[in-house]
Every structure is written in C-alpha cells, then in structure tokens.
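So the structure is just underneath, and the comments pick up after that.
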Amino acid sequence: MAGTGGTPGTPRVLRAMNDRAALDLLLAHGPLSRTRIGKLTGLSKPTASQLLARLEAAGLVVVTGTSEGRPGPNAQLYALNPAAAHAAGLDVTPERILAAVADITGRTVGTYEIPNPGRRPARPVVRQVTDALDGAVKAAGLTRDDIRRLVIGTPGAFDPNTGRLRYASHLPGWHSPTLLDELAAALPMPVEYENDVNLVAVAEQRLGAARGHGDFVLLWNEGGLGAALVLGGRLHRGWTGGAGEVGFLPVPGAPLVRQVTKANSGGYQELAGSQAIPALARELGVQGIPTGPYTEVAATLLARAAEAYDSTARNGDDPHRHLLHTYATRLATGLASLVSVLDPELVVLSGTSLTSGGETLRALVQAELAELAAARPRLVIGDVREHPVLRGALESALATTRDEVFDTSR
C-alpha cells in the first residue's frame, strides 16, 4: 500500500492494509455489520472484530445502530466517523467565491458565498479567500484548524514554473507573483490549486458520467469554453497547466484571433462559447430572446431550442431547429480536433450551455462528430449538475485527506 510505513508483509503493514480496505468499504456502502465487513474483506470474525475495535479506538468508525429484520440477535452496524476529518473547497469566478466544507464521508456540512461585483475586487484576494473559507467553516460549526486540506478551483491555471495564474486575465486580483506565498502564510492547512474544468472532470470521474473510464475528455461551456483531458486515469495538465484551454483553439468558421491571451479568447470560444449563442439566435430569427447574463441567456435559448426541436420535427424551417443544428456543428468542429489527437473512449458534455440542450443537443453533436472525425468516442451528458467545480474541489481535497487519515500505520 502506497505511503504505508514498515516492511511489506509484516503484521503492521497487513493490519494497515486491512484497515484501509474496511474503511473504503464503509465509505462506499455506508453502515455495515462486523459479519458483512468480514465477508467483503475475506477476514475471519475474530480478525474483523479486532479491526473494528482498533478503528473505533482511533476515532475512525462509530457504532450507528443495529441491523433489523433478520432472525437472531440484531448486529451492531459500524460507519465512518464523520468527525474524523474535514476538507474544504473553493470555486472562484469573477463574480463570486463559493466555499464549502465536507466531512470525511463526503457530506457537505457548511457553505458560504462571497459576491465580487465589478471588474476590481472589493477586497484583497487573500481576504476574499479567508473570509469565504471562514464563512463555510463557521456554517459547519468548526474552526480553521479543523480543516485538513483546501483545494481552490479557478479559471486558467497557476504555472508550476512561475507560480503565476495564466489563461485567466478576466479574474481580477489573482495575478500577483506573490499571491500563493501570501495565501500559504494566511492559511494553516495545505492548499492546492486546480483549474476549474479539471475539477469538474474529477467530480464526473468520482461521482458521475465518467466513473470507470480511464480516458475521457470533458468539454465545458458556461462562463468560458474549456476542456479537461484525463489519460490513463490521470489529469493531463501540460507544461504550464494550460492543457485543455481549448477556447483558444483556432477553428474553421471563426476568424483567427491573434494575441489570444490579451484578448482572453480564441477561435473556438468565438465560434461556440456561450456568448456566441444569443448572437447566433438573433441571426437565425429566433424570437423572444431574453435579457440577462449571457450564460443564463444561452442556457435558456438552448433549452427552448431542444424542446422546440422535439415538438416541431417536421418543420424544417423553424429557427430553433436551425439554432440547435448550427450550434451542434460548431461544437463538433472543435471537438473533432480533440478526438482526432487524443482518441478518447468518452466525451462528457458539461456546463449549462451544453447540459441545457439535453439529449437532443448531445445526439446532434454525436452525429456531426461522426462526420468530422475518424475517431468514434461516445458522447454523454455530465451527471454532476449542482456546483460541479466546487464538488470536484471537495472530492480532490477529500481524496488526499482520506489517504492521510486512513493510514493507520503511522
């Protein structure tokens, strides 16, 4: 077992391996009896009893009740102790910071949101982060010192070579060369930073549509257009952390965008990003276009188009049909380049501008992609819809926290 001290095969190591197996079973299945844990792990009843006594003494499991509905005496049920450890996640956008705390079981126990209106941050970034975290910690009834690890999700990526945020010029206040050092000094727990779309992929891989898949691409379209690349079960981040910044990809059908980092845009973003959907709808004669933030307008238009597409299948001149067809072609144009190079087994469509089109949009993109690329990945809609960036941040923080807490050899 990786990270376990001692010599492989010694009683100490074997006990730690059995402990971890039992803890993982409780995490996956919920409360279990001693007999059931013994059957699932292959341990004898005495060994399973010793294991549970050891984990209970360590504060990792608790007795939650007894089994019912079976002949004979009711058996005690054991579960993970939710208070054994806590981790936190932050989802950062130009408009707000959303923070959450989860216990070791993965249950969210506290959330807090700080709005950030305007192009200039109302307060320094370090203060924003600590205030958001403290709000979630307080909502959970905890203190900062109770948090084992924090994962922060942002647009773009922090360059591992320089420590500066790249590919996210629209995120005000986050580009100081000393920001990571300042945050490390202000926070008592280890802090990790990850691209927001990568965290959506983590959520889908652990909880959603990509479970069981080692090679997949996640295409995200909400505030920006991006992708996450998972190869051999691992995120591919690239040399500067910029792998997956597909909004900058030059594509047919859109003028070349030069100085893309200054423009914070590129061909694929201009062709198929959320901000292009209202303009496309007007161009095609769609009536009743709502007003508001372009991400919300785009999601509303695509949901309406999908509904109208299904109910007016025989009316080839309906502008909603044209909107959905044209948008599907635009999406497939950029996806064709990705799948031709990566040849993934699965493509997950996520973000409100993709999920709002539902199965109708997915099927149209699948058909268009079959015409444009030799590879034939299966397209699916993401399952994690509620705050997927934040959920991915929590899952990432919890994975490392569990590795630390569940290692009973230390």
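So the values come out like this:
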item	result
At R0 = 45 Å, FRET efficiency that the Cβ-Cβ distance of K39 and E192 yields, to 0.05	0.75
GNM result for the chain, Cα springs below 10 Å: residue of G244, G267, G233 fluctuating most strongly	G233
Which of G226, I104, L40, positive extreme of dipole for the chain (C-beta unit charges)	L40
Cα gyration tensor category, rounded, prolate or oblate, for region 71-175 with a/c compared to 1.5	prolate
Extension reserve of the D134-D317 stretch, reckoned as 0.36 nm per residue once the Cα distance is removed	60.4 nm
Calculated FRET value between S49 and A399, using beta carbons and R₀ = 25 Å, to 0.05	0.30
Residues of the chain: accessible area per residue with a 1.4 Å probe, Å²	46
Dipole axis of the chain (+1 Lys, Arg; -1 Asp, Glu on Cβ), positive-most option in L25, T10, L338	T10
Shape of the chain, Cα gyration tensor, a/c cut at 1.5	prolate
C-alpha center-to-center spacing [region 176-242, region 12-46] in angstrom	31
Sulfur and carbon atoms: percent of accessible area, region 268-317 [1.4 Å]	47
Theoretical ellipticity at 222 nm over the chain - DSSP helices of four or more residues, -39500 (n - 2.57) apiece, nearest 500	-13000 deg cm²/dmol
Surface accessible to a 1.4 Å probe, T35 within the full protein complex, Å²	60
Whether region 191-311 is rounded, prolate or oblate, judged on the alpha carbon gyration tensor where a/c under 1.5 counts as rounded	oblate
Spacing of the two label points (7 Å from each Cα toward its C-beta) at A185 and E283, in nm	5.0
Heavy-atom SASA rank of M17, M189 (probe 1.4 Å, accessible area, largest first)	M17, M189
Y112, Y167, reordered so the largest accessible area comes first (probe 1.4 Å)	Y112, Y167
At most 16 other Cβ within 10 Å, DSSP loop - trypsin sites (Lys or Arg not before Pro), region 261-340	R314
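The values are calculated or read from the model by the stated rules, or taken from the named source; none is laboratory data. These numbers were taken from a predicted model, which means no experiment stands behind them. Positions of Cβ are generated from backbone atoms using ideal geometry, with glycine treated the same way; all protein chains shown enter the neighbour counts. In case anyone asks, the SASA skips ligands and DNA or RNA and just uses the protein heavy atoms, side chains included. Shrake-Rupley method; radii C 1.70, N 1.55, O 1.52, S 1.80 Å.
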